[in-house]
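A short worksheet on the structure shown next.
The values are calculated or read from the model by the stated rules, or taken from the named source; none is laboratory data. From a predicted model like this one, the values you see are computed outputs, not experimental measurements. With ideal geometry, Cβ positions are generated from the backbone for all residues, glycine too; neighbour counts draw on all protein chains shown. When the accessible area is computed, the model is the full protein with side chains, heavy atoms only, and any ligands, DNA or RNA have been set aside. Shrake-Rupley method; radii C 1.70, N 1.55, O 1.52, S 1.80 Å.
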Amino acid sequence: MSKIIFLNGPGSSGKTSIARSIQHLSNELWLTFGIDTFRNMTPFPCEDKEAPGYFSFIPGKNDRGPTMRVEPGPKGDQLFGLMPDFANLLANRGNNLIIDEVLFGNDYLKSYIKILQHHIVYFVGVFCELSVMQEREILRRDRAIGLSNDQIDRVHEGLRRYDLTVDTTNSTSLEIAKNILDFLDKHPAPQGFLAMRKELQL
């Protein structure tokens, strides 16, 4: 049985930096992968370029400014739908994992809940003020502008029974990683995935 830290939050909220900080601070070994790992397998992996058949960008606008929605294509559904199985494969071999995800709706979450039922999963919601994420999008220069504005609400909608929530607006990745690791030490039996599995009758 492996331990899994499941980070769910919008793009540019700081999940990848948190994952790397956990790897740096923890006395245990952790592998990390996420949506970007699988996106980088596609023919055009840059976050500001489409990969035909895998995903496309749909620009828009709301009262907060420009938005950019990622719409998966048929190949994208096939590829990204493998992520729960990939996580389970690594965990079954005794690897502790940090999953860096951007969940919309409940379908992929249901797959994770069902497939990872034999492992200890800490479901962590990653939040951040939109203005900070928008600044990160501009400064990183490898993100489509508007992704965080589109994702900030949708990523936390639906069935979300987080064991812990963190906010990266005014905290460093190392500070948040330490808080997450402290939480793991004090809570050896997380309840989020168990509660959602019961609600879904999986």
Subtracting the Cα-Cα distance from 0.36 nm times the residue separation, let me have the gained length for HIS24 to SER171 in nm, one decimal. 51.2 nm
Could you give the size of the charge dipole of the stretch 84-138 about its Cα centre, using +1 on the Cβ of each K and R and -1 on the Cβ of each D and E, expressed in debye and rounded to the nearest 20? 340
Leaving out ligands, DNA and RNA, and with a 1.4 Å probe, what % of the accessible surface on the stretch 53-109 is carbon or sulfur? 53
Please get the size of the charge dipole for the chain, origin at its Cα centre, with Cβ charges of +1 on Lys and Arg and -1 on Asp and Glu, quoted in debye to the nearest 20. 340
Heavy-atom accessible area per residue, the chain, 1.4 Å probe: how many Å²? 52
Label-point separation, ASP107 to PHE183 (7 Å along Cα→Cβ), nm: 2.8
Work out from phi, with θ = phi - 60° and the Karplus expression 6.51 cos²θ - 1.76 cosθ + 1.60, the ³J(HN,Hα) of each residue of the stretch 66-71, listed in order in whole Hz, and give x for Gly and Pro. x, 10, 9, 9, 8, 10
Show that you can apply the helix-only estimate: for the chain, add -39,500 (n - 2.57) for every DSSP H stretch of four or more residues, divide by all residues, and state [θ] at 222 nm to the nearest 500. -12000 deg cm²/dmol
Using unit Cβ charges (K, R positive; D, E negative) and no other charged atoms, how large, in debye to the nearest 20, is the dipole of the stretch 1-103 about its Cα centre? 100
Going toward the positive end of the dipole of the chain, with +1 on Lys and Arg Cβ and -1 on Asp and Glu Cβ, which of SER56, PHE193, ILE152 do you reach last? PHE193
Extension gain ASN95-ILE58, at 0.36 nm per residue separation less the Cα-Cα distance, in nm? 9.7 nm
